[in-house]
1. If you go through the stretch 479-515, how many residues are buried (at least 20 other Cβ atoms within 10 Å of the Cβ) and either assigned to a helix (DSSP H, G or I) or small (Gly, Ala, Ser) (or both)?
2. Only one of Arg413, Arg419 is free of Cβ contacts under 8 Å to residues at least 24 places away in the same chain and either surrounded by fewer than 21 Cβ atoms within 10 Å (Cβ to Cβ) or not small (Gly, Ala, Ser) (or both); which?
3. Within the stretch 82-91, identify whether any single residue is open to solvent by 30 Å² or more (accessible area, probe 1.4 Å), more than 26 Å from Ile351 (Cα to Cα) and not in a loop (DSSP other than H, G, I, E, B), and answer yes or no.
4. Out of all the residues in the stretch 202-219, which are surrounded by fewer than 24 Cβ atoms within 10 Å (Cβ to Cβ) and either among the aliphatic types (A, V, I, L, M) or part of a helix (DSSP H, G or I) (or both)?
5. Name every residue in the stretch 282-301 that is touching a Pro at 6+ places or on another chain (Cβ under 7 Å) and assigned to a helix (DSSP H, G or I), in order of residue number.
6. Which residue out of Asn265, Asn320 is among the polar types (S, T, N, Q) and not in a loop (DSSP other than H, G, I, E, B)?
7. In the stretch 98-128, what residues are out of contact with any Ser or Thr (no Cβ under 7 Å at 6 or more places or on another chain), charged (D, E, K, R) and open to solvent by less than 20 Å² (accessible area, probe 1.4 Å)?
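The values are calculated or read from the model by the stated rules, or taken from the named source; none is laboratory data. Model, not experiment: these values are computed from the prediction. Cβ placement follows ideal geometry from the backbone for every residue including glycine, while neighbour counts extend to all protein chains displayed. Ligands, DNA and RNA are excluded from the accessible area calculation, which covers all protein heavy atoms including side chains. Shrake-Rupley method; radii C 1.70, N 1.55, O 1.52, S 1.80 Å.
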Amino acid sequence: MTSSDVLIVGSGAAGLTAALNLADRFQVTVLAKGALNEGSTAWAQGGIAAVLEPGDTFENHVEDTMVAGAGLNDREIVEFVVENAPAAIARLQKLGVPFAQDGDALHLTREGGHSHRRIVHVDDATGWAVQEALQKAAEAHPNITLVPDQVAIDLATSRHEERYSGAGNVWGVYAVDRRTGRVNLYTARATILATGGAGRTYLFSTAPRGATGDGIAMAWRAGCRVSNMEMMQFHPTCLYNLDVKNFLITEAVRGEGGRLINPLNGHRFMVDYDAERLELAPRDVVARAIDAEIKRYGLDYVHLDISHQPADFVRGHFPNIHDKLMGLGIDMTMQPIPVVPAQHYTCGGIIVDRDGRTDLPNLYAAGECTESGLHGANRLASNSLLECFVFGEAAANHIAACWDDLRPVPPIRPWDESRVTDSDEEVVIKQNWTEIRRFMWNYVGIVRTTKRLQRAQHRIKMLTGEVEDYYGHFRVTPDLIELRNLLQTAELIVRSALHRQESRGLHYTLDYPQTLDVPVDTVLVP
């Protein structure tokens, strides 16, 4: 057993921000599922939204966020995050994040749904630069212990106490070490889930391999409510290439003039779907337009073309994308990029308040695994990293302010493997994993129907018994843990989608194409 003051599950922007804000007073342990930099933060190409130019206002940023979120956002939370954005950028600058400059000021770009240029960035690799700066600071802090290759299985709660208190507290997590296969118990007086989203529930996703909804599933099993799980964002422009999977073409390409073209007839088709905003319409609008164009014309992909811009401009703004594409034989300065939509962001998740608190005592959450009220029915571009910084700090501040009220950790039972054996049927995990991702893509994707959702629900019920039986009889492995969490997350997504009998934001169903007058969250209770 390893004990610390605060345990953080996840080593991305939210987790490391919380750790750095706590470490001057407390001993903090940060668990990473794989390598410390394997999470979604390092994959973020676009940037961070913040009001930093004189012509822009907080109210503009708030309204853009509310419009993108189709009114399902919590306005007070949106205002809270937006107003804290400039300070978050300043702290990142102090940590050494080398944001792009425009003379003496930060260079600001614009992305879909934004009324002004307000996206600070590090060329087209903002997330990698942020991850590097946060990780370097955390590694240098004597009160932060970073532990890679720990796959969290479940939260340790009051039911795991040696003498059951019935209080419902969370005391840490059980996690399996990838290198040894041994299950470790990590305990703390406060636990923060910063585990990222559930993108790998889908066949095509821009999310990293580990985005399997672990935190959402663990919190649900422990007794936390979840909200708006049907709101899965599909990024409009993922590279279409049979050899390279999940390579995102940042929205900033469209922000700097990229046009979506039908490769059959050369038509700039966004004029048919959103003539005013064109390629800078919110992501749900653009993704549905591409999906409709592909299905209407029987295409494998559409073209994203920025070759009309000067070559030096394109290379200067998108050096990493340019180099990656050149390696695949695509020169984006001279020819279009083949793109398709792919799952990109989990807008729903564990319900948290303004302080990052969940329903359970001692348990906090921040980032993509949460539903804070910021994103509503669709995340506005470049608000995701911002949410991580603001809520990572908010959770840390609340823990520090309430520290004296947190009880010491009681004795917790170790992990029990006395009644299980090693599996001799690993193929079952691979088969079920593939099946889940495929039916979620086909039945619970960009455009939905009640019949498709019911088919998905039926498959989930059949697989749940099989997976739980497997989990109960064999020793846990990382793949089994992820499969269990994928299935649980898929069930929450489908149940939420069936519950919402309207089309709003990212949830578009042919059976209920209208949008109701009053936006209401979909809340599921364990």
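1. Here the count works out to 19.
2. Arg419
3. The initial filter retains those residues of the stretch 82-91 that are open to solvent by 30 Å² or more (accessible area, probe 1.4 Å), namely 83-84, 86-87, 90-91.
Of the ones still in play, those that are also more than 26 Å from Ile351 (Cα to Cα) are 90-91.
Then keep just the ones that are not in a loop (DSSP other than H, G, I, E, B); that gives 90-91.
Yes: one or more hits.
4. Leu203
5. Hits for the stretch 282-301 are Arg283, Val286, Ala287, Ile290, Asp291.
6. Asn320
7. Arg118
Results for (1) of a type in the set (A, V, I, L, M, F, W, C); (2) open to solvent by 60 Å² or more (accessible area, probe 1.4 Å); (3) in contact with an Asp or Glu (Cβ under 6 Å, 6 or more places away or on another chain), shown as yes or no for each residue.
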position	(1), (2), (3)
Ser4	no, no, no
Ile8	yes, no, no
Ser11	no, no, no
Leu22	yes, no, no
Val28	yes, no, no
Trp43	yes, yes, no
Glu63	no, yes, no
Gly69	no, no, no
Ile77	yes, no, no
